[in-house]
Amino acid sequence: MDLGSTGIKVTVFDDKAQILGSRYKEYQTLYPGINMVLQSPTEWWKYFCDASKDLLDSLGILPQEIACVAPSGQMSALIPIGKDGGLLMDPCLIWADMRTTEQVKDVAKGYGGQDKVYDMTGIGLTEETFTGYKIMWFHKEKPELYEQTQCFLQPKEYIGFRLTGNMATDYSDASETAMMDIRKRTWSEDMLRLMHIDKEKLPPIRHSWDILGYVTEEAAKESGLMAGTPVCVGGGDVSIAALGAGIGEEGSCYFYIGSGSWVGMSSKEPLLDYNHKIACLCNLSGDGYFPHMVGLAGGLCHQWARNLFNQIPGMEKAVDYAMIEEAVGRSLPGAGGLLFLPYLRGGGAPTQNINARGAFLGLEARHGYDDMCRAIMEGVAYILREMIEVLDQKSHSGVKEIILIGGGAKSPAWRQIIADVMQRPIVCTTMKQEANTWGAAKCGGVSVGLWESFEAAQKLVTIENVTQPRKEAGALYDKMYQAFLNAYGHLVPTFDELAECRVMIEKFSKEGF
């Protein structure tokens, strides 16, 4: 299972790493106010159960044939579980909710500055996204619910809890909460004291391949699984994606394009950058780290382009991703001189600017849908280039190979754009779109002895294609990339002014003019 930012995917693998079947369903995301983003754990669970029953029935697989259930999911959420096992918030705050600026400032002041917090936790990105600060906000805004909380869980852990009745986190998810000492790999007493968080309300930290528990009779009725089926702890989607991509050797790197976009690489030691705030997660093997940088909008921009045109009244035919792919193919590299800044969500790498917003620059009357779709893909590629350049400069080994995964990897046009912008070959394996569920499956398979190690499982995966860069496009994209960087710098004051305007608009929407 991969409980992503926009939808849940459930996949069945066999012990030869063959995909027997997969189901995906988008769920609702709520935006009730500025920097507020919510989803429903109840909906997550329902969609998991629906997908599980549908897969077993359609594939003709008996419940007793399932060796293990392995969860992964989005990180940095706030899911308070009451003492009766019920949800104390539904919908809950997910990672993209960033209403915690006050809490971030308080912790930095108490710890001697944000750089010291970063050195301890390894957490870069936009600090407002992380669970520790969300728990602080919860404690302040809803003290009665905080007192009723038995445990704070992450999304994949909520599914694990509903399946087994047990609670635990893993090292990867714990390392993206701002509550963990990444060198000691334990909850940080200093951070918990500053955040006024009771350690007893946090789950124990275990390995991703450890058995969390076994499917209960109640969960079996809802999910179609057999009672007693093992469920492993699993991992957070960033580290799980790296595992599924096959990242292991130091310097190996991957790009992910899902709802967001991120880059990550393998490192034996924490890799920190006090200017760009590389986020340094613990890996799933327990012997190293996955330094990474996350842009908060990637495939989201792709989805926005699809949805935007489908909202036009009188559209004869709904726009789908295949139509967007064709449109991009009709536009030349550089999109006719059109730039797109893909900040449809504020915050995130590489700018860490919570006020940043999306923009088209260079629009002319001659530009059409084709150019706009290409500019969107190119804008995400420029963000990926920014992030990989930071990691490349900080890494001792440098970037050796780039593997592309996620839904964006399905697009030949996007693969070619990324190769051209990077001027590096882009590798896709047979798990390009299943990297997250495959990473989770590797944890599950190792936990029950199907494979002796992650490396043994990865040997079953083959390279599907390699997209070579076109040298003639390199010079153009270098120029467009520089214009992209300059455009962001010039727009920062405008982003700040618009942020003030949004506060006024929010007030007007509540109180009226």
Residue hits (region 64-81; over 16 Å from T164 (Cα atoms) and open to solvent by 30 Å² or more (accessible area, probe 1.4 Å)) are Q64, E65
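Are any residues in region 379-411 part of a helix (DSSP H, G or I), surrounded by fewer than 18 Cβ atoms within 10 Å (Cβ to Cβ) and not basic (K, R), and if so, which ones?
E389, D392, Q393
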Look at region 487-513 and say how many of its residues are free of Cβ contacts under 8 Å to residues at least 12 places away in the same chain and over 23 Å from P32 (Cβ atoms).
-> 5
For region 445-461 the number of residues that are open to solvent by 10 Å² or more (accessible area, probe 1.4 Å) and either assigned to a loop (DSSP other than H, G, I, E, B) or within 15 Å of V12 (Cβ to Cβ) (or both) is 9
Flagged in region 136-158 as aliphatic (A, V, I, L, M) and either over 18 Å from G85 (Cα atoms) or open to solvent by 10 Å² or more (accessible area, probe 1.4 Å) (or both), in numbering order, are M136, L145
Taking the residues in region 468-495 that are basic (K, R) and at pLDDT 95 or above as candidates, determine which candidate is surrounded by the fewest Cβ atoms within 10 Å (Cβ to Cβ).
-> K479
Which of (1) touching a Pro at 6+ places or on another chain (Cβ under 6 Å); (2) closer than 14 Å to R162 by Cα is the odd one out, the single condition W44 does not satisfy?
-> (1)
Quickly run through region 208-244 and pick out the residues that are open to solvent by 10 Å² or more (accessible area, probe 1.4 Å) and within 22 Å of L460 (Cβ to Cβ).
-> W209, P230, D237, L243
Kindly establish whether D420 is at pLDDT 95 or above, touching a Leu at 6+ places or on another chain (Cβ under 6 Å) and assigned to a helix (DSSP H, G or I).
-> no
Boolean, A67 is out of contact with any Phe, Trp or Tyr (no Cβ under 9 Å at 6 or more places or on another chain) and within 15 Å of L225 (Cβ to Cβ) | yes
Checking D84 against (1) charged (D, E, K, R); (2) in contact (Cβ under 8 Å) with a residue 12 or more places away in the chain; (3) open to solvent by 30 Å² or more (accessible area, probe 1.4 Å), the condition it does not meet | (2)
Is it true that G286 is closer than 18 Å to T129 by Cα, touching a helix residue (DSSP H, G or I) at 6+ places or on another chain (Cβ under 9 Å) and small (G, A, S)?
-> no
Would you check if there is a residue in region 195-212 being farther than 22 Å from Y158 by Cα, over 24 Å from the mean Cα position of the chain (by Cα) and not aliphatic (A, V, I, L, M)?
-> yes
List the number of the failed condition for R366; all other conditions in (1) open to solvent by 10 Å² or more (accessible area, probe 1.4 Å); (2) out of contact with any strand residue (DSSP E or B) (no Cβ under 9 Å at 6 or more places or on another chain); (3) not in a loop (DSSP other than H, G, I, E, B) hold.
-> (3)
Got at least one residue in region 248-263 being assigned to a strand (DSSP E or B), farther than 30 Å from V446 by Cα and in contact (Cβ under 8 Å) with a residue 12 or more places away in the chain?
-> no
Residue satisfying condition, being under 25 Å from K156 (Cβ atoms), basic (K, R) and not in a loop (DSSP other than H, G, I, E, B), within set K479, K442 | K442
If you take the residues in region 412-428 that are open to solvent by 10 Å² or more (accessible area, probe 1.4 Å) and touching a helix residue (DSSP H, G or I) at 6+ places or on another chain (Cβ under 8 Å), which one is nearest to H276 (Cα to Cα)?
-> M422
Can you tell me which residue in region 159-183 is farthest from R99 (Cα to Cα), limited to those that are open to solvent by 10 Å² or more (accessible area, probe 1.4 Å) and touching a Pro at 6+ places or on another chain (Cβ under 8 Å)?
-> R183
In this structure, does M323 turn out to be free of Cβ contacts under 8 Å to residues at least 40 places away in the same chain and among the aliphatic types (A, V, I, L, M)?
-> yes
What residue, among those in region 115-130 that are at pLDDT 90 or above and out of contact with any Phe, Trp or Tyr (no Cβ under 9 Å at 6 or more places or on another chain), is nearest to S259 (Cα to Cα)?
-> E128
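The values are calculated or read from the model by the stated rules, or taken from the named source; none is laboratory data. Just so it is clear, the structure is predicted and the values come from calculations on it, not from any experiment. Methodologically, a virtual Cβ is constructed for each residue, glycine included, from the backbone with ideal geometry; neighbour enumeration extends over all protein chains shown. Accessible surface areas use protein heavy atoms only, side chains included; no ligands, DNA or RNA. Shrake-Rupley method; radii C 1.70, N 1.55, O 1.52, S 1.80 Å.
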